[in-house]
Amino acid sequence: MNGSGLPPRRLLVTGGCGFIGSNFIHFLLREHPDVAVVNLDKLTYAGNPDNLRDLEGDSRYRFIRGDIADADVVEQAMVGVDAVVNFAAETHVDRSLFGADDFIRTDVHGTYVLLRAAQVAGAGRFIQVSTDEVYGDVPPGKRSRESDPLHPRSPYAASKAGGEMQCIAFWETYRLPVIITRASNNVGPRQHPEKAVPLFVTNALRGEPLPVYGDGRQRRDWLYVEDHCRALDLLLRRGEPGEVYNIGADNERENVEVAALVLRELEKPLGLIRHVEDRPGHDRRYALDSSKLRALSWAPRHGFEEALRATVRWYVENEWWWRRVREGDFARFYAAQYGHRLGGATGG
Ligand SMILES: NC(=O)c1ccc[n+]([C@@H]2O[C@H](COP(=O)([O-])OP(=O)(O)OC[C@H]3O[C@@H](n4cnc5c(N)ncnc54)[C@H](O)[C@@H]3O)[C@@H](O)[C@H]2O)c1
């Protein structure tokens, strides 16, 4: 709902050229013919114009290349908008371990700049797309609830938590109708190959080892990106301002199990799994209690194995997409991250 009590018609989506943002824009335009979307994206290494190429010529879609931390660009992008969905972020934990300046600039300061512009423009909804990683490591048997204290343990998670704090301040101080979502690990098409599942899939397709951190028994709750998009769309319409919503699918799996499933799906040998030196400070487990969202009649429609199969199939059928991504900045990152762990691999 916006200030007039109607569902949003004109949305500003930030970070729309990334993984979840591009899936969300496709989802919105498919599900709601009357919605128009402005996509503000800086096109960092993670932003890929190929992800929305098929929308060129669609009069409901407009792209602005710009930084959410640039107040002038944000002010222009905000004109006539009745809701904001902020996906824009530096998102990769491993990169945040090399240095978190960009994470703080975008995920904290950028969020503040967006909030301020939304407040001035009188936006009727502001969804901050956050992560289950803000809760930190979750002991066995427990599931994080929205009221739990935050205990981020990586520079990435700390930056996302910082962005959330700004959102809460804008709700408490100015009553800007902010909703914070904390989703679990997503799988689906168009995710950058630096992230675990696409890394496993594309390495397997290249016949290269799948680097699995430590014993590989870290547990994550996997969510199909389309189920995430449906939850965000629902919250745009029915979420309560000032509230936080967990978005998880109750699909807990160990990382090594996910690697094995990818190999099985591609009919590749399990021997491609290579246990490598662990990520420092690696959280063992995330797990969400999503009953607050489920009370709004949301439930994931895709089981984990089905979601993983669809994701693997997408990478098999879109080799041109991931080969292009792996040719760029990726090779440098891969060498720095995995070179010594895998004995000199370049990954490009
Ligand atoms: N991927 C997951 O599993 C997951 C889970 C929970 C939450 N999230 C959150 O969802 C959001 C989207 O994640 P993703 O995996 O699609 O990320 P991504 O890395 O694939 O995409 C991020 C996008 O943001 C853009 N961007 C980065 N800095 C920007 C800036 N300063 N101004 C404008 N655009 C900028 C990039 O160009 C890119 O298009 C993030 O906020 C992330 O924290 C992701």
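The values are calculated or read from the model by the stated rules, or taken from the named source; none is laboratory data. What you see is a predicted model, and the numbers here were worked out from it, not measured in a lab. For neighbour counting, all protein chains shown are included, and Cβ atoms are generated from backbone atoms with ideal geometry for every residue, glycine included. When the accessible area is computed, the model is the full protein with side chains, heavy atoms only, and any ligands, DNA or RNA have been set aside. Shrake-Rupley method; radii C 1.70, N 1.55, O 1.52, S 1.80 Å.
Below are the figures for this structure:
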| quantity | calculated |
| --- | --- |
| Cα-based Kirkwood hydrodynamic radius, segment 216-348, one decimal, Å | 17.4 |
| Largest to smallest accessible area among Thr14, Thr91 [probe 1.4 Å] | Thr91, Thr14 |
| Dimensionless Rg/Rh of segment 45-93 - Kirkwood Rh, Rg from C-alpha atoms | 0.97 |
| Unit charges at the beta carbon, dipole of the chain: most positive-side option, Ala231, Asn51, Pro193 | Ala231 |
| With all protein chains modelled, accessible area of Leu270 [1.4 Å, Å²] | 110 |
| Taking the C-alpha atoms of segment 133-181, convex hull volume expressed per residue in Å³ | 72 |
| Between 0 and 90°, nearest 10: helix 155-174 axis offset from the chain longest Cα axis | 10 |
| Fraction of accessible area attributable to carbon and sulfur, segment 135-214 (%, probe 1.4 Å) | 53 |
| Carbon/sulfur fraction of accessible area - segment 10-97, other protein chains in place, 1.4 Å, % | 49 |
| Share, in percent, of DSSP beta bridges within segment 200-291 that are antiparallel, nearest 5 | 40 |
| Degrees, to the nearest 10: 196-205 long Cα axis against longest axis of the chain | 40 |
| Bins of 10 Å, starting at 0 and running to the largest distance - Cα pair percent for segment 108-201 | 15, 39, 32, 13, 1 |
| Solvent-accessible area, 1.4 Å probe, carbon plus sulfur percent, for segment 273-329 | 47 |
| Tilt relative to the chain, helix 225-238 - C-alpha long axis, 0 to 90 degrees, to 10 | 20 |
| Rg/Rg_ref, segment 127-280, where Rg_ref = 2.2 N^0.38 Å and atoms are Cα | 1.17 |
| Exposure ranking of Ile104, Ile168 by accessible area [1.4 Å probe, largest first] | Ile104, Ile168 |
| Sequence ranges 120-132, 290-302, ranked by mean other-Cβ count within 10 angstrom, highest first | 120-132, 290-302 |
| Under the Karplus curve 6.51 cos²θ - 1.76 cosθ + 1.60, θ = phi - 60°, whole-Hz ³J(HN,Hα) for segment 182-195, x wherever Gly or Pro sits | 10, 9, 8, 4, 8, 10, x, x, 6, 8, 4, x, 6, 7 |
| Cα convex hull volume per residue for segment 7-127 (Å³) | 93 |
| Accessible area, probe 1.4 Å, largest first, for residues Phe27, Phe19 | Phe19, Phe27 |
| Å² of accessible area per residue within the chain, as computed with a 1.4 Å probe and no ligands counted | 40 |
| Amide H contacts of Ile179 (H built 1.01 Å from N, under 5 Å, at least 5 apart or other chain) | Phe126, Ile127, Gln128, Gly242 |
| Shape call, segment 272-325: gyration tensor on alpha carbons, a/c limit 1.5 | oblate |
| Unit charges on C-beta of K, R, D, E only; dipole of the chain, Debye | 280 |
| Extension gain (nm, one decimal) between Ala71 and Arg301, 0.36 nm per residue minus Cα-Cα | 78.9 nm |
| Average projection area in nm² (convex hull over Cα atoms of segment 19-77, one quarter of hull surface) | 4.2 |
| Accessible area of His275 in the full protein assembly, 1.4 Å probe (Å², nearest 10) | 100 |
| Cα gyration tensor category, rounded, prolate or oblate, for the chain with a/c compared to 1.5 | prolate |
| Residue-by-residue Karplus 3J(HN,Hα) for segment 207-219, coefficients 6.51, -1.76, 1.60, Hz, glycine and proline x | x, 9, x, 9, x, 10, 5, x, 7, x, 9, 5, 10 |
| Of all DSSP beta bridges in the chain, antiparallel share, percent nearest 5 | 10 |
